[in-house]
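Here's the structure we're looking at; comments come further down.
The values are calculated or read from the model by the stated rules, or taken from the named source; none is laboratory data. This structure is a prediction, so every number in the text was calculated from the model and none was measured. No Cβ is skipped: glycine too gets one built from the backbone with ideal geometry, and neighbour counts run over all protein chains shown.
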Amino acid sequence: MQQQQHALDIPVILALVGSFLPLWDPTPPNESNSWTHVFLPKTLASCLQVSKLWHRSLLPILWYGYWAYSMEMTVPEDVVVRYSHLFRIVDGKLDWRQGGQRDFTLFKCKNLVELHATVVDNEGPAGVKRLLRTNPGIKTLTWKGIERMDGETEIIPVLDAEDFEGLTGLESLNLKVWDCSGNGGRQLRQILRLVGGSLKELRLASTYDVSPEVLSTSGLLSSSQQGEEDLPSESLQLPNLESLHLGDCGDLHLCAAELVKCCPKLKKLRYGAHYCDKSVIRLAISLERHCPKLESLKLDRPLGLCLLKRWIRYCGRHLRTLHFHVVSFEHDYFKEDHGDCRDEDDLGQDLISTIVEHSGKLEDIHLYTIHSGLDPGVPVSQLLVGCTKLRRFMTNLSGVASEDLKFLEVLKCQQWKGCQESLEELKFECNWWSNAPDAVWKKIRRIGCEMGWVDEDTREDGEGESESEGEDEGGKSPRGRHSIDEDTFRKLLEVVQFQELKALKRLDVVGRVFRRKA
C-alpha cells in the first residue's frame, strides 16, 4: 500500500506555510516613541536546514524582498548580492540615521514587482536605471531624488524616459523630488506617455521648475534652450489613472488643472500643492469637466470659506469621500481675495448647506478647522443631520478653548437622523488635550466600560496592570498620546448615546480607540 504524502512534502503547501513565519524581530520604542523591526528570520532560517526540499521551497520566501531600513545594518552586502536574484521587492528607503546605501548595480534581480528607491548622491541613479531596464515586470515604482537645499541651483539628477520603455505593466508611480529644469521636464512628460496606458496611481511631490505645458494633454516642448524652434509633443493621456496625489513643495499648482484633463477615469484626488485663487478654481473647473467619476477629494492645505464652497459646487456631485480644512480669510496662514465675502457666519452656513446639497453619496468626511470663526458644534451637527449615507466622520476642533465645552451641548440639540443607521466610525481630535497619567486613562476606561465602550488598549496593557506601570518619571504615559478629562469624555459618550447611532462600532477620542461592547 502506497504511503500517503505528507502535506509539508508538497512544495506549494510548504511555501504557503513558510510565508506565515516571521522575518522581523520588533525592537523597543526608540527616541521618537515608535517601534522598529530588524531582519532576524530565526525560525525560517532553521527550517531551511530540515531537507533539500524545504531549503529549495523556503529560500524564495526568506529572500522575497530587500528592505534597507531593517536589513542595511544586519545583512552583509555579499549575502544580499548572492540572493538578490530571488528578490521580488527592493525598498531602498533609508532611515535618517543611516548613511549611504547599497550599490544597486550589483543586484541580480530580474523579477521585481516593486522598486522603491531613495537617491542620496549623484551616483545613485545608475543602480536604479539598471534595475528598471532589467525588470520589465515592475508594477510599483517609487523614486525620491536628492533634496534641493535652499539657494541651490544645481540640476538634480533624474531618470530617463529610456529607462521606462520596457515597463508596460507599471500601475503605480510615485515621483518625489524631480527637477524639470534642463531636460527634466521633457523626460517627465515622455515617461508619463510611455507608462500612461497602464498607470492607475500617480503621486508627484517636490516637482521643481515644472511648466503647465509639461503635464498638458498636448503642448510645445522646447528642443533646447538655445533659441531653436519648439517641437510639437505627442499627446499625453492617462486613460486608466484612478488615483492622483499632488504633494507639497515645487510648482505643481501651476500644472494641476492641465494634468487632470488627461485623466478621464480619475476617482481619487489628494491635493497638497501650493494654493492660489486662480490655480485652485481652474483645477476645480477642470475636475468638473474632465473627471466625471471623481468620488474622493482630499485637500491637505487650508482653504478659505469662499473657495471651498466653489470646490464643492464644481466637483461635489458624486463624492463619497471629502477631507478638507477650513481657515478664516483673516488668518495669517492663508489670505485670499474674497471680494464681497465679509460675514464668516453666513459663509460657514453657506458652505455646510452646499456640502449637504451635494451629499447624496458622501460616506467619509474629515472636517479640520483652523481659526475658521465657525462655532464647531454647528457644522458638525448639520453635516451629521444632512448626510444620509455617512459611514465615517472625523473633526478637529482646534479652535475650541479647553474650558469651552459648549460644542458638546450643541451636538445634543438636534438628532443626527441622517446617519443614525449608517455611521460606523466617529473621531474627535483637539490640539489642547494634553498628555495625562495612565491613572486618568484607567478612570476613562471604567467610564467607557460603564457606558458600553471598551478601550482597545485594554487588551494590550493587561487587566492586572498597577497604577504606576507604564508611566515615565513624570507620571505621564510614555505612549505620547493626548488625553481628556473624565467629565469631557463622559459628555462625549452621552452625546453618542443620545444620538442612538445604531451602526457605530468605533469611537476615536484624541487617538484612543474605543469599540462598542459585544
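Assorted remarks:
This table checks each residue for (1) under 19 Å from ARG392 (Cα atoms); (2) surrounded by 15 or more Cβ atoms within 10 Å (Cβ to Cβ); (3) at pLDDT 75 or above.
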site: SER422; (1), (2), (3): yes, yes, yes
site: ASN431; (1), (2), (3): no, no, no
site: MET451; (1), (2), (3): no, yes, yes
site: GLU465; (1), (2), (3): no, no, no
site: GLU473; (1), (2), (3): no, no, no
site: ILE484; (1), (2), (3): no, yes, no
site: ALA503; (1), (2), (3): yes, no, yes
site: ASP508; (1), (2), (3): yes, yes, yes
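- VAL113 being at pLDDT 90 or above and within 24 Å of the chain's Cα centre (by Cα): yes
- Assessment of the range 222-232 against the conditions (modelled with pLDDT of 80 or more and either surrounded by fewer than 16 Cβ atoms within 10 Å (Cβ to Cβ) or outside any strand (DSSP E or B) (or both)) yields no matching residue.
- When SER198, SER206, SER181, SER218 are screened for being among the polar types (S, T, N, Q) and assigned to a strand (DSSP E or B), only SER206 passes.
- Where a residue in the range 71-91 is surrounded by 14 or more Cβ atoms within 10 Å (Cβ to Cβ) and its partner, wherever it lies, is among the acidic types (Asp, Glu), with Cβ under 7 Å and at least six apart: ILE89/GLU114
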